[in-house]
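The values are calculated or read from the model by the stated rules, or taken from the named source; none is laboratory data. Note that the structure is predicted; figures quoted are calculated from it, not measured. Note: ideal-geometry Cβ built from the backbone for every residue, glycine included; neighbour counts use all protein chains shown. Each accessible area value is taken on the protein alone, full model and side chains, heavy atoms only, with ligands, DNA and RNA left out. Shrake-Rupley method; radii C 1.70, N 1.55, O 1.52, S 1.80 Å.
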Amino acid sequence: MSTTNMARAIAQHADDTIKAADTALLGIDEQIQADGTEPAALERLHNLLVRKTAELPQLKGLFVYDENGNWLVNSLPSTPANINNADRDYFIYHRTHQDKNAYIGSPIRSRSSGIWIMTLSRRLNHADGSFAGVALATIDIDYFNRFYDSFNIGQAGAIVLVSNNGTMLTRRPLLPDSIGKNMQSTTVFKESASHASGTFTVKSAQDGVKRLNGFRRLDKYPLFVSAAVSEDEVLADWLTDTYLHSAGVGLLVIALGAIGFYLIGQMKLRLNAEAEVIRARDAMIVLNKTLERLSLQDALTELANRRNFDITLEEEFSRAIRNASSLALIMIDVDHFKQYNDLYGHAAGDECLRKISQAVKSCQNRAGDLTARYGGEELAVILPTTDVEGALLIAERIRTAIHSLGISHAGNEAGIVTVSAGVEAIIPVRDLNKPVELIEAADNALYAAKKSGRDRVCSNFNMVDV
């Protein structure tokens, strides 16, 4: 997802930004340990701090305080007199903690410049390990905001940088109460506390906008970032794509219906990293599969259509040749169907065909069998690996099932709708037999069933009522 990628990039940027400042602090500690804090040493250290601050655009300043919080040296042109930082959070932390790890404090306004800054500090020790003061790097919070402005998060998107204790360091867009806000009650804080990274959808506690959030904890420092885009904006783009594709598919279906067959083209979707385009591509694949299925189905009976029948018969005929197996075909015709239409109307005729089709399909036992509308009121059933005897049993089951429907038909001798069926089976031989021979043989058997009185099943080996 785009929010996941943004969170990863923003977390890496924050890690690199803070790491560069932390490296400067380690250099300060080493130089003080080596040179001490005599005036000449502090002058050399001052020159170093000025150069480091100029080299790193994220830095507002580098500072060193003694054990009482007094300013020893900094990267400013001159060190202000009588200024003490012993009341600052970072100073109190290092004075009361023995570890020399980097400490990221709450955002504060700089006493030297008045702007919002992030503080990164390390404890300085005397030779005996006692507290000697603090080395401090101040990072311009606006440095992060300028980087966040390079991301396209829409009109209602949001990016936040938060410490692991729940204090917000900055936000894009920046709200009046963003910097220093407590985030402990928010979903993003709770998610980041239990997972190193992830995504979720939630209504923002900041401005009430429902967003898709991607978050990630920094690898080296106790911070996490979250990048979010508005769900409404994401869905708006997706809906636009969906409407455009749906309109195109609708026009395609109308054109295909007018000319009697469907032309299915493969659409090439332009790939990019955006999740909206990926979903649109997947939706088009689903639509293409639906069209392919519809092109092989008879609209009235919902059985396979003639095209599907021809394709399947070719495939099963080839398989029967390879396996030297028997392939059976049942041809079914509704008795006196023209008279039925004349008596009851074509709407009733259509409904009659639907009921008959469902009855035939219900007698299809195996996944490999295919029931198709061959044409008009004529149906066909392809039965792979089935001999004549097996096909005759299935055909009789079909005839009985339709007879049991009891559909009234005053134009038929039986007084109800009946069917006649012709059955043929063959073990085809390569270059000797063709699928049309099986169709013709089953059709001949159907003709024999019609001629011998209808409402019966015949095969070329058994031209009597079954």
- Check D335, D350 and return the single one that is farther than 15 Å from A442 by Cα and under 44 Å from the mean Cα position of the chain (by Cα). D350
- Quick check, is G214 closer than 28 Å to W116 by Cα, within 20 Å of the chain's Cα centre (by Cα), at pLDDT 85 or above and in a strand (DSSP E or B)? yes
- Query: Of the residues L136, L76, L120, which single one is out of contact with any Lys or Arg (no Cβ under 9 Å at 6 or more places or on another chain), under 17 Å from T17 (Cβ atoms) and either among the hydrophobic types (A, V, I, L, M, F, W, C) or buried (at least 20 other Cβ atoms within 10 Å of the Cβ) (or both)?
  - Reply: L120
- Scanning the stretch 406-465 for residues that are part of a strand (DSSP E or B) and small (G, A, S), which turns out most open to solvent (accessible area, probe 1.4 Å)? S408
- Query: Can you name the residue in the stretch 313-330 that is open to solvent by 20 Å² or more (accessible area, probe 1.4 Å) and not charged (D, E, K, R) and, of all such residues, is nearest to the chain's Cα centre (by Cα)?
  - Reply: S318
- Message: For a quick check of your reading: which helices (runs of 4 or more DSSP H) sit entirely within the stretch 259-350 and have at least 1 residues that are modelled with pLDDT of 80 or more?
- Response: 306-323, 337-344
- The residue that is nearest to R354 (Cα to Cα), considering only those in the stretch 379-402 that are more than 49 Å from the chain's Cα centre (by Cα) and open to solvent by less than 70 Å² (accessible area, probe 1.4 Å), is T400
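Working only within the stretch 149-196, note down all residues that are charged (D, E, K, R), open to solvent by 10 Å² or more (accessible area, probe 1.4 Å) and in contact (Cβ under 8 Å) with a residue 12 or more places away in the chain.
D149, R172, K181, E191
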- Message: of a type in the set (G, A, S), open to solvent by 10 Å² or more (accessible area, probe 1.4 Å) and within 22 Å of D443 (Cβ to Cβ): is that true of S357 in this structure?
- Response: no
- Evaluate the stretch 81-101: report whether one residue or more is in contact with a Lys or Arg (Cβ under 8 Å, 6 or more places away or on another chain), open to solvent by less than 40 Å² (accessible area, probe 1.4 Å) and either outside any loop (DSSP other than H, G, I, E, B) or of a type in the set (F, W, Y) (or both). yes
- Task: All but one of (1) crowded, with 18+ Cβ neighbours inside 10 Å; (2) of a type outside the set (A, V, I, L, M); (3) out of contact with any Asp or Glu (no Cβ under 7 Å at 6 or more places or on another chain) hold for G208, so report the exception by its number.
- Result: (1)
- Note on the structure: Of (1) open to solvent by 50 Å² or more (accessible area, probe 1.4 Å); (2) in a strand (DSSP E or B), Y65 satisfies every one except (1)
